[in-house]
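The values are calculated or read from the model by the stated rules, or taken from the named source; none is laboratory data. The structure displayed is predicted, hence computed values, not measured ones. Cβ atoms come from the backbone with ideal geometry, glycine included; neighbour counts cover every protein chain shown.
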Amino acid sequence: MLILAFESSCDETSAAVVECGAERFITKSNIIASQVETHRLYGGVVPEIASRAHIEAISSITYEALSEAGVTMADIDAVAVTKNPGLIGALLVGVNFAKALAAAYKKPLIPVDHIKGHIAATYLDREKMPKPPFIALAASGGHTAIYEVKSYNDVHTIGTTRDDAIGESFDKIGRIIGIPYPAGAGFDRLAKEGFLETVGTEAGYFDKYKRSADYKDAALALPSPAVKDDSLDFSFSGLKTAAINLIHRYEQRGDELPKARFAARYTYEAVEAVAKKLGMALDAHPGYDLIISGGVAANSHLRCRLGEIAERRARQIYLPPLSLCGDNAAMIAAAAYFEFLDGNLADPSLNASAMDAL
Ligand code: KG4
Ligand code: ZN
């Protein structure tokens with residue numbers, strides 16, 4: 001079936017057409033209008049500006065998505081839209097547009113959870129569809145959570161951050177050391193320079209880093225954001241505060257912060273905490289494969305380290321291509337397919353919600 005999907009939960013307006021079948025999802029088009037340049041001026045997303053930009057973009061990207069896919073509304077079998085979680089004003093733009101389109105063209109309307117969408121990004125355009133059960137990580141600007149995916153539609157949280165999200169922490173600390181918003185990709189590159197200076201980035205560099213002089217350097221010491229108990233929870237606010245204090249101490253001493261080595265150390269703590277908790281989750285769920293999703297799934301160090309923890313346990317790891325880590329509508333279409341199969345359709349009373357629901 002052909003699904004036309006919309007995503008507008010944060011600062012990307014996206015429309016996609018995806019051919020969804022039991023064995024394969026084929027992306028026909030996936031148009032993404034990013035607002036990053038607009039929000040960069042403010043160092044982060046301004047919700048009111050985001051809503052207005054979604055309104056301006058959504059009609060034209062819908063035409064673009066249909067024309068790039070070579071189809072018209074007559075060919076579309078169902079309309080899907082992100083209904084939660086996200087910025088409420090931003091979500092409402094997509095939800096209302098999708099509702100109107102579905103009503104006007106008499107198509108079924110499929111509401112989709114944004115996180116189920118991120119997870120489903122790993123199902124797109126593969127020769128063979130990954131088969132549950134999975135342990136899934138969603139790591140983004142708003143989420144650092146671990147999910148048990150028993151079946152495509154049975155997804156529930158088994159661990160989460162108690163305060164800040166991993167992407168938000170990269171963005172905030174990145175901004176302090178002069179990387180423009182969103183800082184994740186720049187932080188990734190800077191950390192790579194730091195790892196190259198100390199241990200290189202050849203196979204096993206994470207393990208080597210732990211034995212390096214930089215790891216033992218008290219001036220660069222940072223705490224782990226893995227909560228020290230049996231839970232699968234994180235706390236990134238402590239790491240963030242410690243990093244800010246570390247930067248201040250360099251300033252007070254009149255020393256120049258070794259930015260690349262600092263970024264490597266910060267990345268080490270963030271990635272290692274995620275690897276530790278995912279390792280615990282995999283050990284507690286024998287036979288489950290691993291899915292990594294969300295904007296931070298683009299992080300090269302995270303991808304490398306989590307590949308190792310899956311391989312050590314002989315589990316398969318599914319990572320979205322870099323182009324599908326961030327917010328996009330193709331992933332919403334993929335998740336929508338399974339909602340459709342379960343009969344989870346919406347009527348015109350559908351409303352958006354800012355809240356997590358998994
Ligand atoms: O999933 P996403 O596009 O939007 C949300 O739902 O939040 O994730 C955006 C987040 C931002 O915090 C951005 O800095 C981060 O993903 N990000 C990265 C990388 N690329 C994007 N974080 C670390 N390393 C990257 N390479
Ligand atoms: Zn997202």
(Q) Please verify whether Ser237 is assigned to a loop (DSSP other than H, G, I, E, B), surrounded by fewer than 18 Cβ atoms within 10 Å (Cβ to Cβ) and of a type in the set (S, T, N, Q), treating the condition exactly as stated. (A) no
Q) Hey, does the range 300-321 have a residue that's within 16 Å of ligand 1 (Cβ to nearest atom), over 15 Å from the mean Cα position of the chain (by Cα) and surrounded by fewer than 18 Cβ atoms within 10 Å (Cβ to Cβ)? A) yes
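Residues are listed down the side, and each one gets a yes or a no for (1) in the same structural domain as Ala138 (by TED's automatic domain parsing); (2) touching a Ser or Thr at 6+ places or on another chain (Cβ under 8 Å); (3) farther than 30 Å from Glu148 by Cα:
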residue: Phe206; (1), (2), (3): yes, no, no
residue: Asp214; (1), (2), (3): yes, yes, yes
residue: Asp217; (1), (2), (3): yes, no, yes
residue: Val227; (1), (2), (3): yes, yes, no
residue: Ser231; (1), (2), (3): yes, no, no
residue: Ala242; (1), (2), (3): yes, no, yes
Q. Is the range 93-103 home to any residue that is within 23 Å of Asn153 (Cα to Cα), under 18 Å from the mean Cα position of the chain (by Cα) and not aromatic (Phe, Trp, Tyr)?
A. no
Q.
For the structure I just gave you, tell me whether Ala314 is out of contact with any helix residue (DSSP H, G or I) (no Cβ under 7 Å at 6 or more places or on another chain) and farther than 25 Å from Pro225 by Cα.
A. yes
Q) Do we find that Glu7 is crowded, with 21+ Cβ neighbours inside 10 Å and within 15 Å of ligand 1 (Cβ to nearest atom) in this structure? A) yes
**Q.** Pairs with Cβ under 6 Å, 6+ apart, first in the range 148-162 and assigned by TED's automatic domain parsing to the domain that holds Tyr337 and among the basic types (Lys, Arg), second part of a strand (DSSP E or B) and surrounded by fewer than 16 Cβ atoms within 10 Å (Cβ to Cβ)
**A.** none
Q: Check the range 277-287 and report whether any residue there is loosely packed, with under 14 Cβ neighbours inside 10 Å and not in a helix (DSSP H, G or I).
A: yes
Q) Taking the range 293-306 as the region of interest, how many residues are of a type outside the set (Gly, Ala, Ser) and in contact with a Gly (Cβ under 9 Å, 6 or more places away or on another chain)? A) 2
Q: Sort out which residues of the range 181-194 are more than 12 Å from Asp214 (Cβ to Cβ) and either outside the structural domain of Lys259 (by TED's automatic domain parsing) or outside any loop (DSSP other than H, G, I, E, B) (or both), and write them in order of number.
A: Gly184, Ala185, Gly186, Phe187, Asp188, Arg189, Leu190, Lys192, Glu193
Q) Can you tell me which residue in the range 53-75 is surrounded by the most Cβ atoms within 10 Å (Cβ to Cβ), limited to those that are among the charged types (D, E, K, R) and within 22 Å of Ala90 (Cβ to Cβ)? A) Glu64
Q: Pick out the one residue from Ile158, Ile166 that is of a type outside the set (Ser, Thr, Tyr), closer than 18 Å to Ala243 by Cβ and at pLDDT 95 or above.
A: Ile166
**Q.** Residue under evaluation Glu197, criteria (1) in a helix (DSSP H, G or I); (2) under 25 Å from the mean Cα position of the chain (by Cα); (3) touching a residue at least 40 places away in the same chain (Cβ under 8 Å), criterion not met
**A.** (2)
